[in-house]
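Just below is one structure, and these are the notes that go with it.
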Amino acid sequence: MLTPEQIQANLEKFYAIIEKYISEPRATKLLALYQGQEDNLAFCPASSRTAYHNAFPGGYVDHVIRVVECAIKTTTLWSEMGATINFSMEELVFSALNHDLGKLGRDGKPAYIPNDSDWHVKNQGAVYKPNAELPFIPIQDASLFILQSEGIPMTFNEFVAIKTHDGLYDDGNKAYLLSSQNDSKLRCSLPLILHQADEMAARIEWEKVWIDKVGTPEKKEVKAATPTQFKQKAESAKLANVAKGNPALLNALKGL
Ligand SMILES: [Fe+2]
Ligand SMILES: [Fe+2]
């Protein structure tokens, strides 16, 4: 859960991201879109269930900011590892910033409303439920629909990144992501990076609340070790595995 001060600080950070990374005229249009529904933006959750992520007031903005930050760092990693970065910083941030826009709902109606069924809250952690006043549409499609409704244009890269941000969790993305032909493969890695950033952010958000509650035997071991000890242990386990299967590779690794 977030405090009112954290929710306010996140809102300011969210607007600052638009001002820093998005050029005109899109920046003004995005600010109008978001500031025109500031209460909804501030208190919207990022999901409906506690087992998903950030299912609490303020969860949406908190998640989106984390996805933007993860996307920027992920791009740096991909670049350092040799990937071609043939998209712009604005495309990266625009896609991350608006990927879940559909979760805000539309026409003045929120997409998620508090669940009035105690049974579902208690037994399924379904603290919110879809707002039945709105017809069904997948979140990513709603994000794209709202952007076009507001006259906010996007590049091809941004469209595909937002559309496919759930990666292969969504069967509809197979046409984009499972190509067997060079010509039909993604021509830039932005969609893969956004999916990775979204996955990372959502996992971190879940862990923040739940990892200590669910617990694992391995976790105790990890917690007891310093980061250096853990790294050494992981290294020796890796070397032992390699030694079993490939002594030549083991020697090569030792020489690094
Ligand atoms: Fe999403
Ligand atoms: Fe997301």
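Each reported figure results from applying straightforward, stated rules to the coordinates on display, with no laboratory input. Just so we're clear, the structure is a prediction, and the values are computed from it rather than from any experiment. Using ideal geometry, Cβ is built from the backbone for each residue, glycine included, and neighbour counts are taken over all protein chains shown.
Applying 1/(1 + (r/R0)^6) with r as the Cβ-Cβ distance of Met1 and Asp170 and R0 = 30 angstrom yields a FRET efficiency of 0.55.
Here the stretch 25-123 yields Rg over Rh of 1.07, to two decimals, using C-alpha coordinates and the Kirkwood radius. Place a point 7 Å from Cα of Glu24 in the direction of its Cβ. Which residues in the stretch 82-99 have their backbone N less than 20 Å from it? Residues passing the 20 Å test: 90-91, 94. Past 18 Å, Cα to Cα, is the threshold; run Lys163/Lys185; Lys20/Lys103; Lys73/Lys163; Lys109/Lys129; Lys103/Lys163 against it and keep the listed order. Correct reply: Lys20/Lys103; Lys73/Lys163. Seen from a random direction on average, the alpha-carbon convex hull of the stretch 85-132 projects onto 5.2 square nanometres.
With both labels modelled 7 Å from their Cα along Cα-to-Cβ, the Gln148 to Gln37 distance reads 1.8 nm. Calculated on the Cα set of the chain, radius of gyration then Dmax: 21.0, 64 Å. Listed peptides 2-11, 184-193 appear in the order 184-193, 2-11 once ranked by packing, highest mean of other Cβ atoms within 10 Å at the front. Scattering from the stretch 35-74 was approximated by placing one identical point on each alpha carbon and applying the Debye formula without solvent; log10 I(q)/I(0) at 0.15, 0.21, 0.33 1/Å stands at -0.37, -0.65, -0.96.
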